[in-house]
Structure formats: structure tokens, C-alpha cells
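See below for the structure under consideration.
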Amino acid sequence: MGNASQKANRAVSEAASASRSPALQMLARAGYVFIGLVHILVGAIALQIDRGQGGQADQSGAIGSLASKPGGPVLLWAGFAACAALALWMVGEAVFAARSETESKKKLQNAASAAGKAVVFGVLSFTFAVFASGGSKISSQSASDFTAKLMAAPAGVVLLIALGLAIIGGGVYYAYRGVTRKFMKDLQDPGNARTAVEWIGTVGYAAKGVVLALVGILIIVAAATADPSKSTGLDGGLKTLGSQPYGVFLLAAVAAGLVAYGLYSMARARYGKF
């Protein structure tokens, strides 16, 4: 039993070490470029909606717009590889965090954070692969379908409200990191670019926080009214914002913030700590 445990631990260590290779690090950095590109495109689509034009302002809409461009499939497969590498890198981060010598609470927080990021980047990688293969994915419909299925489950409404509150909490945390500029801890010293990086990071994190809070609110509204169609994800959240009093200005501000977050992500590809 002891030998089996030692072999398992050794295998985990070797896999984690393999995830730290220079080649994988370079590809993982490219993942932040594609994440930035997706946010910039979502912001651009939101601005189109703000001007009365159509569009789907979410990851699927952004990636789908790339698919229609010349060389789109090649770009999408590159996005798949880069985001998959970033997800794998975060898996390694989670393993190293869980096996670190830091105190238990901090260790658990770091491991959970890295694991959560691995899931997010993995989902984005999968979305790139779906579109690169000629498929499509409508996020707003997927969100409604997921909400309907969860709502039908035992204690589903309670789970949905808890999920909505968790997403709102994530939005508050993003905004907090933006306002306090704690995101700068994720970067090496950007030198002369520091002021620009701080500015786009602050605006970008605040905007992403607002968007996440909107998504969480829509989930809670859907649960409270027993209407899954009201849970429409990022696209629905932005369109709901645009329909409010002064919504044109609010949506334009958030859209610009998402573009800023995209630019920050690209800066992180260059200056991020790995």
C-alpha cells in the first residue's frame, strides 16, 4: 500500500514538473493573448449592440466572429492549443500549491484558485475547438438550458441562488482587485509600461466585476421567478444593462472596460509571473 502511494505521489510530481516546461510556458502565455482577444471582441460587440446593431456579446459570439475571418480555423485551433496549455499550467499550479509548505488555509485557497482558473481556461479552450471544428455554441441558450435542468433538480432553486450569489461574489472580488490594484502582484515589473498597465487593469477588472455581478443577478432572478429564460449569461447581462435608464452610457462604459481587460490580459502575456 505504501509503495502504491509513493508511486502515485511520484507520478503526480512528475506530471506537475512536466507542466512547467519552457515550451508549455510560452504557449500558456499565448493563452492570455487569446483571452485578451476574446474580451476585446466581446467589448466591441457590446458597443455594436449599444449602437442598435445586432450581435452576441459573449465568448461564443466573439469566437464565432473569428471563425468567419480569413484564416479563422487556423486562428481558432491556435486559440484552442494556447488556452489548453494555460489550463494545464494552472493544473500544475494547483498541484504545487496543494503540496507546498505554506499553512493549510492559504494552501487550500491557492490550490482552489488555480483549479478554478484551470476549469475556466479549459472551457474556453473547448469553445475554440467547437468553432474550429465547424460547430457553434449559443451561450445564452446554454445558460437557460443549464438553469432549467438545475431548477428541476431537488433543491435546484436553492442551488441556483447559491450559484448566483457565488458569481456576484466573484464579481465583487474582481472589482476589489481592480480598485486596490492587487492584480499587479500577478505581474513582473512592467517598467515604463507600469502606468498604462495599472490603468487598463483597474478599469478592466472593475468592468469584469460588473459583468459577473449582472450574470449572477440574472441567475437569481431566474430562480426566484421560476423562469429559466431569464438566465441568459454574459450576453443577456449586457443587454439587460443596456435596457436600463441611461443604459446606453452604462453599456458603453462596461464595453470599454472589457476592451481594457482584454488589453491587460495581453500585457499579462508579456509581464505575467509564471
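What follows draws every value from the coordinates through simple rules; no lab data is involved. On a predicted model such as this, the values are computed, not experimentally measured, just so you know. Here Cβ is always computed from backbone atoms with ideal geometry, including for glycine, and neighbour counts include all displayed protein chains.
Relative to the longest principal axis of the Cα atoms of the chain, helix 2-18 runs at roughly 60 degrees.
Taking amide H atoms as placed 1.01 Å from N in the peptide plane, the amide H of Gly272 lies under 5 Å from those of Gln188, each 5 or more residues away in sequence or on another chain. Would you mind checking region 51-95 for residues with the amide N under 20 Å from a putative spin-label position 7 Å along Cα→C-beta of Gln244? Counting backbone N atoms under 20 Å from the label point, the list is 51-52, 57-58. For percent of Cα pairs over 28 Å apart, computed directly from the structure shown, the correct entry in (1) 40; (2) 53; (3) 34 is (1). Among Gly236, Gly247, Gly36, the residue with the largest mean-square fluctuation in a Gaussian network model of the chain, with springs joining Cα atoms closer than 10 Å, is Gly247. For the chain, the longest principal axis of the alpha carbon atoms and the long axis of helix 247-271 meet at an angle near 20°. Springs between Cα atoms under 10 Å define the GNM used for the chain, and in it the highest mean-square fluctuation of Gln109, Gln48, Gln56 occurs at Gln109. By the count of other C-beta atoms within 10 Å, a proxy for reagent exposure, Phe34, Phe80, Phe274 are ordered fewest to most as Phe274, Phe80, Phe34. Dipole size of the chain about its Cα centre, with +1 on Lys/Arg Cβ and -1 on Asp/Glu Cβ: approximately 580 debye, rounded to the nearest 20. Comparing Tyr32, Tyr261, Tyr173 in a Gaussian network model of the chain where C-alpha atoms under 10 Å apart are linked, the largest mean-square fluctuation is found at Tyr173.
Suppose a student asked you for the relative contact order of the chain, using Cα pairs under 8 Å spaced at least 6 residues apart; what percent would you report?
On the way: 421 pairs, mean separation 72.0, N = 274.
Here the relative contact order equals 26 percent.
Every helix of 4 or more DSSP H residues in the chain counts as -39500 (n - 2.57), and over all residues that averages to -27500 deg cm²/dmol at 222 nm.
Among the trypsin sites (Lys or Arg not before Pro) within region 217-274, those in coil by DSSP and having at most 16 neighbouring Cβ atoms inside 10 Å are Lys273.
Other residues with beta-carbon under 15 Å from the beta-carbon of Val179 carry, at +1 per Lys or Arg and -1 per Asp or Glu, a net charge of +4.
What's the angle, to the nearest 10 degrees (0 to 90), between helix 22-50's Cα axis and the longest principal axis of the chain? Helix 22-50 and the main axis of the chain meet at about 10 degrees. Distant-in-sequence amide contacts of Arg99, defined by a placed amide H-H separation under 5 Å and a gap of 5 or more residues or a different chain, comprise nothing. Each peptide in 198-207, 177-186, 163-172, 150-159 receives the mean, over its residues, of other Cβ atoms within 10 Å, and ordering these scores from highest gives 198-207, 163-172, 177-186, 150-159.
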